[in-house]
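Enquirer: Before we start, here is the structure in question, set down as structure tokens.
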Amino acid sequence: MAEAAPAVPSDELLEWPKKDKRRFLHAVYRVGDLDRTIKFYTECFGMKLLRKRDIPEEKYSNAFLGFGPEESSFVVELTYNYGVDKYDIGTGFGHFAIATTDVYKLVEDVRAKGGNVTREPGPVKGGHTVIAFVKDPDGYIFELIQRAPTPEPLCQVMLRVGVILIAPSSSMKRNVGGQPPPLSPRFARFAEHSEGRGKGRSRKAFAMNVERLQQHQMVVHRSRSQIGEGRRSRRMFEGSDIIVGLAAFALDVTKKAFLKIIKNAEVEKLARKAGGSTGRNGKVALGMKLVKKTDRPEQKYTIAMMGYAEECETTVLELTYNYGVTEYTKGNAYAQVAISTNDVYKSGEVINLVIQELGGKVTRQPGPIPGINTKITSFLDPDGWKTVLVDNEDFLKELEKE
């Protein structure tokens with residue numbers, strides 16, 4: 001009987017995303033009238049219709065639009081399902097963003113063609129960058145950002161998340177007035193669970209330990225389901241600047257990055273140990289880097305920009321945490337973002353490993369799509385946002401066929 005192939009050590013496997021060739025391919029979402037949306041994007045935004053396909057046996061059509069070829073540029077993949085003319089966008093999806101050298105002119109063009117301008121052009125609050133917001137016929141919001149010429153004008157996908165960690169860093173010490181960042185209700189539930197209050201601990205002792213964590217400037221939020229089910233994903237992270245839902249999959253976390261929080265463990269002891277643990281290697285599934293983080297305590301939100309290059313060079317995910325808001329509706333309009341990989345199967349192994357630590361769910365095991373043969377795998381992050389990894393070679397072959 002043949003012996004099974006030796007398992008790849010987890011530390012070695014978790015190095016794969018750093019070596020892989022990855023970029024954002026497209027964002028997928030549903031529209032009620034394909035031709036209407038194509039007309040709006042081409043005439044108002046200046047996008048190009050790159051390809052269009054109809055799948056009558058499955059009763060849907062796709063259109064791919066962007067500012068450059070799919071082989072090298074991020075694009076939108078619009079899906080029209082026969083007979084469905086309206087979708088619920090939900091409260092979790094935020095917006096797409098388009099970079100332009102003249103926001104004022106672009107807004108004039110959009111308005112002249114009947115577009116809905118929801119925020120007039122002008123500097124962002126507390127800054128100098130000129131922005132505006134417009135709404136497309138299906139209700140999707142597009143932020144227009146004034147920038148120098150960029151190779152990737154379709155530059156952002158913004159998603160709201162309810163899972164966030166902010167740990168000490170040189171650029172973010174204390175909140176307004178010298179106070180530590182606030183704890184959200186979700187963190188209170190998380191800390192309460194790890195403290196084991198159900199075993200007779202007093203509310204006073206619990207509050208004291210939460211205060212000690214605040215003094216260490218550590219704010220941890222985990223999803224309600226992960227808190228209640230006693231899963232392995234209960235962890236405290238320390239040493240990285242910010243981990244937010246999908247960012248928990250995207251950001252590199254070192255071996256010292258997390259401490260186990262187990263039932264009845266004392267928050268006080270964990271806070272004292274912060275920074276000294278040598279837990280499992282936490283190199284993460286998508287191999288992105290934290291491009292920029294911004295905390296706005298006055299407006300009560302934090303954002304993390306995640307991507308594969310600097311913000312001015314490529315598309316990034318803008319992940320937004322609004323203080324105290326832990327749940328968002330997903331609706332049925334926005335679907336997913338697709339990312340390229342050189343090895344779907346190895347990437348799938350990494351995803352499985354990271355999900356064991358951080359939560360989430362595999363929605364499609366690695367393998368070819370029937371009828372197309374492009375190999376993919378997909379998963380949900382801890383906030384429920386879907387990501388699809390697509391084989392690089394298969395994707396290019398698919399483009400050649402069409």
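The values are calculated or read from the model by the stated rules, or taken from the named source; none is laboratory data. Worth saying up front: this structure is predicted, and the values here are computed from it rather than measured. A quick note on method: Cβ atoms are made from the backbone with ideal geometry, for glycine too, and the neighbour counts reach across all protein chains shown. Protein only, heavy atoms only, side chains kept; ligands, DNA and RNA dropped before computing areas. Shrake-Rupley method; radii C 1.70, N 1.55, O 1.52, S 1.80 Å.
Enquirer: Quick one: would you say Glu43 is at pLDDT 95 or above and either in a loop (DSSP other than H, G, I, E, B) or among the acidic types (Asp, Glu) (or both)?
Expert: Spelling it out, Glu43 is indeed at pLDDT 95 or above and either in a loop (DSSP other than H, G, I, E, B) or among the acidic types (Asp, Glu) (or both).
Enquirer: So, one more: Filter segment 21-35 down to residues that are of a type in the set (Gly, Ala, Ser) and either more than 20 Å from Ala285 (Cα to Cα) or open to solvent by 10 Å² or more (accessible area, probe 1.4 Å) (or both), then give me how many there are.
Expert: Residues in segment 21-35 being of a type in the set (Gly, Ala, Ser) and either more than 20 Å from Ala285 (Cα to Cα) or open to solvent by 10 Å² or more (accessible area, probe 1.4 Å) (or both): 1 in total.
Enquirer: Name the single residue that is least open to solvent (accessible area, probe 1.4 Å) among those in segment 107-127 being assigned to a helix (DSSP H, G or I) and without any contact (Cβ under 8 Å) to a residue 60 or more places away in the chain.
Expert: By that ranking, first place goes to Val107.
Enquirer: Taking segment 319-336 on its own, how many of its residues are buried (at least 22 other Cβ atoms within 10 Å of the Cβ) and at pLDDT 95 or above?
Expert: Qualifying residue count, segment 319-336: 1.
Enquirer: Could you check segment 338-366 and list, in sequence order, the residues that are out of contact with any Leu (no Cβ under 7 Å at 6 or more places or on another chain) and open to solvent by less than 10 Å² (accessible area, probe 1.4 Å)?
Expert: The answer is Gly348, Ile351, Val354, Leu358, Gly359.
Enquirer: Tell me, yes or no, whether segment 128-146 has at least one residue that is farther than 24 Å from Lys52 by Cβ, open to solvent by 50 Å² or more (accessible area, probe 1.4 Å) and part of a loop (DSSP other than H, G, I, E, B).
Expert: Looking through segment 128-146, at least one residue is farther than 24 Å from Lys52 by Cβ, open to solvent by 50 Å² or more (accessible area, probe 1.4 Å) and part of a loop (DSSP other than H, G, I, E, B).
Enquirer: Related question: In segment 74-97, what residues are open to solvent by less than 10 Å² (accessible area, probe 1.4 Å), within 30 Å of Leu396 (Cβ to Cβ) and not in a strand (DSSP E or B)?
Expert: Across segment 74-97, the qualifying residue is only Phe74.
Enquirer: May I pose another question? Taking Tyr345 and the conditions (1) part of a helix (DSSP H, G or I); (2) within 18 Å of Tyr29 (Cα to Cα); (3) among the hydroxyl-bearing types (Ser, Thr, Tyr), which numbered condition does it fall short on, given that it satisfies the others?
Expert: Going through the list (1) part of a helix (DSSP H, G or I); (2) within 18 Å of Tyr29 (Cα to Cα); (3) among the hydroxyl-bearing types (Ser, Thr, Tyr), Tyr345 breaks only (2).
Enquirer: May I ask you to say which residue of Thr278, Thr294, Thr314 is at pLDDT 90 or above and open to solvent by 20 Å² or more (accessible area, probe 1.4 Å)?
Expert: Just one listed residue meets the conditions, Thr314.
Enquirer: Now a separate question. If you check Lys397 against the conditions, is it farther than 25 Å from Leu159 by Cα and modelled with pLDDT of 95 or more?
Expert: No; evaluated as a whole, the condition is false for this residue.
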